[in-house]
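The values are calculated or read from the model by the stated rules, or taken from the named source; none is laboratory data. Model, not experiment: these values are computed from the prediction. Quick reminder, even Gly has a Cβ in these numbers, built from the backbone with ideal geometry, and neighbours come from all protein chains shown.
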Ligand code: HEC
Ligand code: HEC
């Protein structure tokens with residue numbers, strides 16, 4: 001089975017941010033774009049330095065680190081790519097965040113780098129601002145533009161609070177020495193749009209909006225689950241799924257992202273509990289065990305309130321029938 005893409009891309013693995021990012025310089029269009037209104041950007045060249053940081057204004061460092069730990073270890077799932085996988089698909093925690101998951105596509109061979117604070121082989125010399133700039137703008141401190149499959153087009157909308165919390169936490173994980181090769185891209189990497197300098201918090205008392213924020217910019221559920229057209233998430237097919245992942249993590253199977261819209265082909269008719277069970281335990285409505293490419297292992301510890309928000313959001317998106325992937 002093959003996924004049809006404009007540029008002839010065939011997914012073998014990986015989160016599809018890769019494709020929303022391939023050779024493109026815009027954030028995801030459509031719904032994501034409209035949510036982008038409050039994101040502040042500045043007209044700068046991609047090599048420009050990040051603007052002044054709000055990190056210093058964070059009063060409670062312990063709370064910040066806890067927030068960062070929660071996001072990184074659960075819904076943001078950074079380890080899914082930056083921690084090596086054991087042969088059975090589980091994460092090798094002894095090498096947590098030390099790289100390197102290799103993603104091979106016709107367009108690139110990407111290595112998820114060592115993001116532990118090791119000074120030589122990791123990002124120990126990076127400031128928290130550097131990490132935030134890399135996450136939201138896809139630009140390293142040396143000015144090099146980072147490439148797919150990391151979900152930069154979605155991470156652009158990470159709030160200052162959360163982006164700095166993630167950066168602060170990543171700087172506290174054990175430093176591990178592990179040399180990771182440099183990725184090779186055969187596509188132009190031109191950045192992801194105007195430089196993001198500041199993003200306000202999304203109010204948590206609005207479940208649909210906060211759920212959108214969790215399922216999009218933080219967890220990029222919608223990256224895997226939004227149909228790709230010409231290598232990019234087609235926001236008119238938000239949540240429709242059907243993206244094909246062939247042998248992810250070198251596992252001997254192909255995973256197809258499910259339709260998670262409220263259509264009867266998707267999660268229409270599911271109870272909230274059934275949806276939450278699929279997210280946190282990887283069990284479909286009919287009891288089928290989902291393939292672990294759906295990162296339920298990491299989602300197991302998502303807080304109940306956040307799950308409620310995600311469910312509220314998923315139920316709010318337009319219902320769409322499934323269109324099976326091209327063969
Ligand atoms: C879908 C896989 C994937 C996920 C999920 C992911 N990353 Fe990445 N990340 C990558 C790849 C691949 C690169 C290297 C891109 C390149 O070489 O241009 C990268 C690069 C980076 C870099 C730049 C490091 C360097 O030395 O250049 C940082 C920092 C980073 N990621 C942090 C994170 C954090 C924090 C998270 C979670 C919020 C995260 N990543 C989630 C795949 C991923
Ligand atoms: C790395 C890609 C990826 C990410 C990220 C991801 N999913 Fe999935 N998801 C999948 C795949 C692939 C399947 C289908 C697995 C299978 O059929 O065994 C799936 C299945 C599901 C199902 C079950 C649907 C059914 O019909 O059984 C739900 C619900 C779901 N995902 C919701 C989410 C939510 C919510 C998030 C974010 C918190 C998320 N997914 C993040 C890839 C992903």
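Rundown of residues vs (1) modelled with pLDDT of 85 or more; (2) under 16 Å from residue 153 (Cβ atoms); (3) not in a helix (DSSP H, G or I), yes/no style:
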position	(1), (2), (3)
15	no, yes, yes
20	no, yes, no
35	no, yes, no
50	no, no, yes
56	no, no, no
59	no, no, yes
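Scanning segment 214-243 for residues that are at negative phi and within 16 Å of ligand 1 (Cβ to nearest atom) yields a count of 16. Within segment 182-203, identify whether any single residue is within 16 Å of ligand 2 (Cβ to nearest atom) and in contact with a helix residue (DSSP H, G or I) (Cβ under 9 Å, 6 or more places away or on another chain), and answer yes or no. Scanning segment 182-203 turns up at least one residue that is within 16 Å of ligand 2 (Cβ to nearest atom) and in contact with a helix residue (DSSP H, G or I) (Cβ under 9 Å, 6 or more places away or on another chain). Being out of contact with any helix residue (DSSP H, G or I) (no Cβ under 8 Å at 6 or more places or on another chain), assigned to a helix (DSSP H, G or I) and surrounded by fewer than 21 Cβ atoms within 10 Å (Cβ to Cβ) is a description that applies to residue 94. For segment 82-103, a residue qualifies if it is touching a residue at least 12 places away in the same chain (Cβ under 8 Å) and touching a strand residue (DSSP E or B) at 6+ places or on another chain (Cβ under 8 Å), and the qualifying residues are 83, 84, 85, 91, 99, 100, 101, 103.
The numbered conditions (1) surrounded by fewer than 24 Cβ atoms within 10 Å (Cβ to Cβ); (2) in contact with a strand residue (DSSP E or B) (Cβ under 7 Å, 6 or more places away or on another chain); (3) assigned to a helix (DSSP H, G or I) are all true for residue 197 except (3). Scanning segment 169-192 for residues that are near ligand 1 (Cβ under 9 Å from one of its atoms) and surrounded by 17 or more Cβ atoms within 10 Å (Cβ to Cβ) turns up 169, 170, 180, 183, 185, 189.
Contact map, segment 121-145: residues that are under 15 Å from residue 169 (Cα atoms) and free of Cβ contacts under 8 Å to residues at least 40 places away in the same chain paired with residues that are within 16 Å of ligand 2 (Cβ to nearest atom) and part of a loop (DSSP other than H, G, I, E, B), Cβ distance under 7 Å, separation 6+ or inter-chain. Pairs shown: 135/158.
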